[in-house]
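Let me begin by presenting the structure, written as structure tokens, before commenting on it.
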């Protein structure tokens, strides 16, 4: 599976949210989208999901333009986990997760065995089996995000797009979700995740795409993309870094603009 966008441009009132961005996600890899606030990460993910129109450029899934796929076929190929985590109906967790199977069902009715199996796998993978009978409205922010992740996993799509799935989670569940996404890529899915935590990005992602002011600043292995000069340019920070278990560990350490100097 290959999801690719070429020369993707999105403008709102003459402001470029994305400017001629190229991106590719391949089956079997975990691709991280990083960049400061307002860089265009969520916009790019929505474009890749077919939920945001572009002013120019095109997204293709295995060579087929996304716009030519029927909605049901697109929903089978691409699972999308949004950033806001809103659920507007008083559904039980299990019922909401089962909605991920709708693209595979031709008519409303009793669940087929494979649908039930997919839902059970997704509940277990996201660690929300014990919450299955709770109403989504009663969950904490972190619990709700894991339940929404279970719904995306239940689709069992070859492409999984996740927008800041660890933002509301404690460290234990952040690691659990990143391990889950890495495992999904290991099973052959093309997984694209928006992250703010550079340490998690360095540890778990196979490749990174760094956006800055709507443009592609760097793409490649984490070590190259998270080079000190690029962190200074995009984030205006310096970092502490060391190696552990063969991977580079990165912690943003100090701001490197005028405000940092004034506060020191």
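Listed values, structure above:
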item	result
Flag for residue 157 being modelled with pLDDT of 90 or more, farther than 25 Å from residue 247 by Cβ and touching a strand residue (DSSP E or B) at 6+ places or on another chain (Cβ under 7 Å)	yes
Cβ pairs under 9 Å, 6+ apart, first in segment 1-22 and without any contact (Cβ under 8 Å) to a residue 40 or more places away in the chain, second surrounded by 14 or more Cβ atoms within 10 Å (Cβ to Cβ)	15/214
When residues of segment 59-88 are limited to those that are closer than 23 Å to residue 166 by Cα and part of a loop (DSSP other than H, G, I, E, B), the one modelled with the highest pLDDT	82
For residue 249: the one exception among (1) part of a strand (DSSP E or B); (2) farther than 21 Å from residue 30 by Cα; (3) within 23 Å of the chain's Cα centre (by Cα)	(2)
Helices (runs of 4 or more DSSP H) within segment 132-237 that include 3 or more residues crowded, with 22+ Cβ neighbours inside 10 Å	141-154, 171-186, 198-204
Segment 15-24 - residue that is surrounded by fewer than 18 Cβ atoms within 10 Å (Cβ to Cβ) and farther than 11 Å from residue 216 by Cβ and, of those, modelled with the highest pLDDT	24
Subset of segment 182-194 [closer than 13 Å to residue 157 by Cα and touching a helix residue (DSSP H, G or I) at 6+ places or on another chain (Cβ under 8 Å)]	184, 191, 192
Members of segment 70-90 found to be on the phi < 0 side of the Ramachandran plot and either buried (at least 19 other Cβ atoms within 10 Å of the Cβ) or touching a residue at least 60 places away in the same chain (Cβ under 8 Å) (or both), listed by number	74, 75, 76, 77, 78, 79, 80, 81, 82, 83, 87
Within segment 159-173, tally of residues that are more than 13 Å from the chain's Cα centre (by Cα) and either closer than 21 Å to residue 41 by Cα or free of Cβ contacts under 8 Å to residues at least 12 places away in the same chain (or both)	4
Residue 230, sole failed condition from (1) under 18 Å from the mean Cα position of the chain (by Cα); (2) farther than 30 Å from residue 114 by Cβ; (3) modelled with pLDDT of 95 or more	(1)
Residue match in segment 25-41 (condition: assigned to a helix (DSSP H, G or I), farther than 19 Å from residue 203 by Cα and at pLDDT 95 or above)	yes
The lone exception for residue 51 - which of (1) modelled with pLDDT under 90; (2) on the phi < 0 side of the Ramachandran plot; (3) assigned to a loop (DSSP other than H, G, I, E, B) it fails	(1)
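The values are calculated or read from the model by the stated rules, or taken from the named source; none is laboratory data. Please read all numbers here as calculations on a predicted model, not as lab measurements. A quick note on method: Cβ atoms are made from the backbone with ideal geometry, for glycine too, and the neighbour counts reach across all protein chains shown.
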